[in-house]
1. Open to solvent by 10 Å² or more (accessible area, probe 1.4 Å), assigned to a strand (DSSP E or B) and not hydrophobic (A, V, I, L, M, F, W, C): which single residue out of D321, D310, D280 fits that description?
2. Spot the failing condition for Q193; the list is (1) in contact (Cβ under 8 Å) with a residue 24 or more places away in the chain; (2) closer than 26 Å to A154 by Cβ, and only one is missed.
3. Among (1) assigned to a loop (DSSP other than H, G, I, E, B); (2) in contact with a helix residue (DSSP H, G or I) (Cβ under 7 Å, 6 or more places away or on another chain); (3) within 26 Å of R158 (Cβ to Cβ); (4) not hydrophobic (A, V, I, L, M, F, W, C), which single condition is G346 missing?
4. Take E267 and tell me if it is out of contact with any Phe, Trp or Tyr (no Cβ under 6 Å at 6 or more places or on another chain) and closer than 19 Å to A146 by Cα.
5. Only one residue in A100, A93, A146, A160 is at pLDDT below 95 and not charged (D, E, K, R). Which one?
6. Looking only at the range 233-249, how many residues end up being closer than 9 Å to E267 by Cβ, among the polar types (S, T, N, Q) and open to solvent by 20 Å² or more (accessible area, probe 1.4 Å)?
7. Quick one: G338 ticks every box in (1) part of a loop (DSSP other than H, G, I, E, B); (2) under 25 Å from A224 (Cα atoms); (3) of a type outside the set (D, E, K, R); (4) within 16 Å of the chain's Cα centre (by Cα) bar one, so which box is it?
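The values are calculated or read from the model by the stated rules, or taken from the named source; none is laboratory data. No experiment lies behind these values; they were computed from the predicted model shown. Don't worry about glycine lacking a Cβ; one is built from the backbone with ideal geometry, like all the others, and counts go over all protein chains shown. Quick note on the areas: whole protein, heavy atoms, side chains included, nothing else; ligands and nucleic acids left out. Shrake-Rupley method; radii C 1.70, N 1.55, O 1.52, S 1.80 Å.
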Amino acid sequence: MGRTTGGAEASASGEAHALPTARGADWPKKNHRTRRTHRAHRTPRTPPPRTHRWRRALLAALITGAVVVPLSGAARPEIPAPAPAALATVTAATLDEVYAANRANAGEASRMAAAHGNRERAAADRAMADPNRHFLTYDGRGPGLATEVFGDLAHADRIAVLVPGSDTSIDTYDRFRDTARALHERLTREAPQGTGTAVVAWLGYETPGTVSTTVTTTGRAEEAAPKLREFIRQLRAVTGREAHVSLLCHSYGSVVCGRAAAQLDVENLVLVGSPGTGADTAAALHTPARVWAARGGDDWVAEVPHIKVDLLGTTVGFGTDPMSPSFGAHVFAAGDGGHSDYFRPGSTSLANLTRIVLGDTSEVTHD
């Protein structure tokens, strides 16, 4: 989350929150003209507290989302695709069959999208059908869902599961995939001899849109949490109880992980670029996992107000900043990168994420 706007805001998982710029260009100008008109007739007032300004910004974000999302959604035609492949329980012995079935499903989705006239989606689905890709799940319908594996999952000792933030879909999936590949390459280089590693890119939920009412509430996270719990349970059926699993949650993905945390059999719960989890403390997540948090020096999520406000019966915001001492996470260094940079090759954050996944926690650096 760098402090620029527009395309540069998009994260490696496709995310670019609207909150820091929620007021828009016209908002202060209109209020400025109003104040100027009455200046001669009023006693100067002290500006409202920062919290009040942020509450207005949050409300503006909701209003913008309420207007923009229905219009943009209505303009986008539904993309046809087959139902997900019908598969038996996934085990280490059936992984190759599962991968083949999901590649075939992606190939059929590509043909259907092409017949529908959507060349971009057809190309994205076709790329997923490549013989070298390994998907535990694939669903090309709507925005799309996919769970991709990097490495030998059946024999991995150390596994990282990545949970993305907003605006991640089949159409933007390559950005999310790049983060998983970068982590897997670093794990492969750094792992001790004889230690198998794997990374799983879990796009297992419909992520919120960047500009939408859903990106500032826990609704999508609450829908995603049982799916993430079930996935981790199934993952254990493949890897066994001996494997060390770390959950790496980016931005809105950390809200998903926060909602699912209490019933996740993982060793580490890592929050990067997090706007909050909805919990006031790490202890309130009720997880036996070790909770970590990091934020890059140029990540604009630092400007998001860490509050929870009730607006018309809906709670907006995610509460305590995971980086704050009161939250109680193990805070580690992420360098000076922005919201897109946590998995950038050569970065401080990627080095520390690798150490956490490999269990080298004594080597993790701190600011």
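1. From the options D321, D310, D280, the qualifying one is D310.
2. (1)
3. For G346, the failing item is (2).
4. Here the answer is no, as E267 does not meet what is asked.
5. A93
6. Summing the residues that are closer than 9 Å to E267 by Cβ, among the polar types (S, T, N, Q) and open to solvent by 20 Å² or more (accessible area, probe 1.4 Å) in the range 233-249 gives 0.
7. (2)
Quick grid of which residues meet (1) open to solvent by 20 Å² or more (accessible area, probe 1.4 Å); (2) more than 25 Å from T91 (Cα to Cα); (3) out of contact with any Asp or Glu (no Cβ under 7 Å at 6 or more places or on another chain):
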site	(1), (2), (3)
C257	no, no, yes
A262	yes, no, yes
N268	no, no, yes
A294	no, yes, yes
G297	yes, yes, no
V304	no, yes, yes
